[in-house]
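Asker: My structure is below; once you've seen it, I'll send some questions.
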Amino acid sequence: MSGDALVLDAVTRRYRVRNGWLGRGALFNAVDGVSLALEHGGTLGLVGESGSGKSTTGRIAAGIEPASSGTVTLGGACLAPPNSSAWRRERRRIQMVFQNAAGALDPRMIIREQVAEPLLAHSDLGRRARAARADAALHDVGLDRLGDRYPHELSGGQLQRAVIARALVLDPDFLVCDEPVSALDVSVQAQIINLLMDLRDRLNLTCLFISHDLGVVRHICDRVAVMHRGRIVEIGPAEQVFRAPTHGYTRALLDAIPAATPAERRRRGGPSLHPTESAVTKRHAEEPI
Ligand SMILES: Nc1ncnc2c1ncn2[C@@H]1O[C@H](COP(=O)(O)OP(=O)(O)OP(=O)(O)O)[C@@H](O)[C@H]1O
């Protein structure tokens with residue numbers, strides 16, 4: 001594990017509009033001049049309304065999608081465009097966990113094979129060594145003994161654990177998590193959040209955590225970036241951004257979340273805490289497998 005940072009500098013991503021008020025074929029900036037750094041060992045939360053550019057930023061950070069302009073550097077070296085041989089070398093260090101675990105897994109393959117799959121492209125390990133590495137990753141996420149099962153034999157939470165194991169099997173330094181629990185039952189969300197926190201601490205991972213759930217972001221992130229219409233309008237230590245937001249859009253986002261305590265609820269006149277946040281505070285709750 002090296003201590004270098006993943007840095008996005010003035011990153012822009014342009015798409016062509018298919019239909020919409022800008023007019024068919026017009027270009028628009030889904031991500032517009034975004035600069036941020038993922039510092040070693042930290043967790044940066046990326047929040048903002050739907051369509052603000054969070055996922056696109058995450059995919060660019062993970063090297064899955066190229067920037068239209070701007071640079072992505074890893075330890076000071078420019079990350080190569082996706083699919084070049086240099087990219088394949090660096091790709092191992094940055095892995096992504098998506099929202100839809102079921103869609104990310106092949107229903108015809110057992111879990112162990114799918115967890116081991118990235119090793120085919122990124123290592124020269126033999127079949128048995130790959131299976132052993134996959135079993136170790138499955139152990140890390142609490143799925144011992146389930147490697148021989150097919151995806152349809154696993155619960156939603158177990159599927160997301162398998163997807164996390166597949167991201168971990170290459171021993172990455174950075175993990176980009178894009179809404180990793182929003183497709184799960186509330187009762188399972190806390191277990192997956194707790195697992196991600198445990199893995200981050202145990203494996204010394206540096207994380208970008210994309211979420212709509214500001215309660216969870218406040219709980220697990222040390223820094224927060226707020227996106228609005230493709231731009232970062234505010235970035236700073238989580239406690240500072242949540243306690244004293246400087247941008248009007250951040251204040252509007254925070255006003256939209258339910259109050260954390262009865263006193264705050266009375267002061268603000270809003271509803272009580274989102275169930276996810278009350279649940280994530282119960283760390284180490286284990287999902288039955
Ligand atoms: N491949 C694509 N082609 C065209 N437009 C795209 C593409 N991917 C994303 N967009 C558009 O870019 C904008 C930003 O999308 P993005 O998914 O990054 O936002 P988001 O903040 O992650 O939203 P959500 O929270 O709903 O996932 C949206 O207007 C989206 O429709």
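The values are calculated or read from the model by the stated rules, or taken from the named source; none is laboratory data. Predicted, not measured: the structure shown is a model, and the values here were computed from it. In this analysis, Cβ positions are derived from the backbone assuming ideal geometry, glycine residues included, and neighbour counts consider all displayed protein chains. What goes into the accessible areas is simple: the full protein's heavy atoms, side chains included, and nothing from ligands, DNA or RNA. Shrake-Rupley method; radii C 1.70, N 1.55, O 1.52, S 1.80 Å.
Asker: For residues that are under 19 Å from Leu199 (Cβ atoms) and either at pLDDT below 95 or among the hydroxyl-bearing types (Ser, Thr, Tyr) (or both), tally how many sit in region 123-144.
Answerer: 1
Asker: Let me ask another. Would it be correct to say that Gln99 is in a helix (DSSP H, G or I) and crowded, with 17+ Cβ neighbours inside 10 Å?
Answerer: No; evaluated as a whole, the condition is false for this residue.
Asker: Ok, one more. If a residue has to be open to solvent by 10 Å² or more (accessible area, probe 1.4 Å) and closer than 18 Å to Ile210 by Cβ to count, how many in region 177-189 make the cut?
Answerer: 7
Asker: Filter region 42-74 down to the residues that are more than 10 Å from the ligand (Cβ to nearest atom) and open to solvent by 40 Å² or more (accessible area, probe 1.4 Å) and list them by number.
Answerer: Of everything in region 42-74, those that are more than 10 Å from the ligand (Cβ to nearest atom) and open to solvent by 40 Å² or more (accessible area, probe 1.4 Å) turn out to be Ile64, Pro66, Ser68, Ser69, Gly70, Thr71.
Asker: Working only within region 105-121, note down all residues that are open to solvent by 60 Å² or more (accessible area, probe 1.4 Å) and part of a helix (DSSP H, G or I).
Answerer: Glu113, Glu117, Leu120, Ala121
Asker: Now for a separate question. Just for region 229-248: of the residues that are free of Cβ contacts under 8 Å to residues at least 60 places away in the same chain and open to solvent by less than 60 Å² (accessible area, probe 1.4 Å), which one is farthest from Met197 (Cα to Cα)?
Answerer: Gly248
Asker: Would you be able to tell me the number of residues in region 151-164 that are farther than 10 Å from Ile111 by Cα, small (Gly, Ala, Ser) and open to solvent by less than 20 Å² (accessible area, probe 1.4 Å)?
Answerer: The total comes to 1.
Asker: Of the conditions (1) closer than 24 Å to His40 by Cβ; (2) within 16 Å of the ligand (Cβ to nearest atom); (3) at pLDDT 95 or above, Cys207 satisfies every one except a single condition; which number is it?
Answerer: If we test Cys207 against (1) closer than 24 Å to His40 by Cβ; (2) within 16 Å of the ligand (Cβ to nearest atom); (3) at pLDDT 95 or above, just (2) comes out false.
Asker: Residues in region 221-228: is at least one open to solvent by 70 Å² or more (accessible area, probe 1.4 Å), modelled with pLDDT of 95 or more, in a loop (DSSP other than H, G, I, E, B) and under 30 Å from Val11 (Cβ atoms)?
Answerer: Checked against the condition, which is being open to solvent by 70 Å² or more (accessible area, probe 1.4 Å), modelled with pLDDT of 95 or more, in a loop (DSSP other than H, G, I, E, B) and under 30 Å from Val11 (Cβ atoms), region 221-228 yields at least one hit.
Asker: Which of the residues belonging to region 12-37 are at pLDDT 95 or above and either touching a Leu at 6+ places or on another chain (Cβ under 8 Å) or among the hydrophobic types (A, V, I, L, M, F, W, C) (or both)?
Answerer: Passing the criteria: Arg14, Ala30, Val31, Val34, Ser35, Leu36, Ala37.
Asker: Next up: Could you check how many residues of region 51-96 are more than 25 Å from Val233 (Cα to Cα) and either charged (D, E, K, R) or part of a helix (DSSP H, G or I) (or both)?
Answerer: Residues that pass the stated criteria total 9.
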